[in-house]
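Following: one structure in C-alpha cells, then a few remarks.
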Amino acid sequence: WGADYPHANNQLSGLFTCGGGTNDQQYCNPAFDALLGQAAAEPDQAKQADLYKQAQRIMMDDAPMLPLVWPPRPALVKPYVSSLTTTPMDSDIPGEYFTETIQILKH
C-alpha cells in the first residue's frame, strides 16, 4: 500500500478505521474513528492536526500494527538547480510532483 496523497487522513482512514477497505489487521476502535471524523470536518489546520495526533495516540496505545521506519533517501542536487520542492510522495526522483517549479540557474 502506498499513500494517494500526503495527508494524515489518507494514512489513517482506510488502513485503521472499523471496516476500512485496506484494514487487513481488522483493527476497530470507535473512539479512533470518531476523532478521524472530527478531524476530517475541521477547517482549522492546527485543530485538525491535533485531532489526528489524538487519534494516532489511541491507535499506538492499542498497537494494532508494528510501525516500520523508512530510511531517508538522500539526493545530490547541483547548486544551480533552484526551486526544487520535495514531498513525502516522491519516489526515487526528488521533486517529481512539482517539476514545473524547478529552475536551472545560470552557471
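The values are calculated or read from the model by the stated rules, or taken from the named source; none is laboratory data. Since this is a predicted model, take the numbers as computed values, not measurements. Cβ: placed from backbone, ideal geometry, glycine included. Neighbour counts: every protein chain shown. Heads up: the accessible areas ignore ligands, DNA and RNA and are worked out on the full protein's heavy atoms, side chains in. Shrake-Rupley method; radii C 1.70, N 1.55, O 1.52, S 1.80 Å.
Just to be sure I understand the filter: pairs with C-beta atoms under 6 Å, separated by 6 or more residues or on different chains, first member in the stretch 3-14 and under 21 Å from Ala63 (Cβ atoms), second member open to solvent by 40 Å² or more (accessible area, probe 1.4 Å). Which pairs pass? Final answer for the pair search is Gly14/Gly21; Gly14/Thr22.
Here Asn29 does not qualify as under 30 Å from Ile93 (Cα atoms) and open to solvent by less than 40 Å² (accessible area, probe 1.4 Å). The set of residues in the stretch 19-35 being at pLDDT below 95 and in contact with a helix residue (DSSP H, G or I) (Cβ under 7 Å, 6 or more places away or on another chain) consists of Gly20, Gly21, Thr22, Asn23, Tyr27.
Filtering the stretch 53-91 to residues that are under 30 Å from Thr17 (Cα atoms), over 17 Å from the mean Cα position of the chain (by Cα) and exposed (fewer than 13 other Cβ atoms within 10 Å of the Cβ) leaves Asp61, Ala63.
Scanning the stretch 92-107 for residues that are over 19 Å from Tyr5 (Cβ atoms) and surrounded by 14 or more Cβ atoms within 10 Å (Cβ to Cβ) returns a single hit, Ile102.
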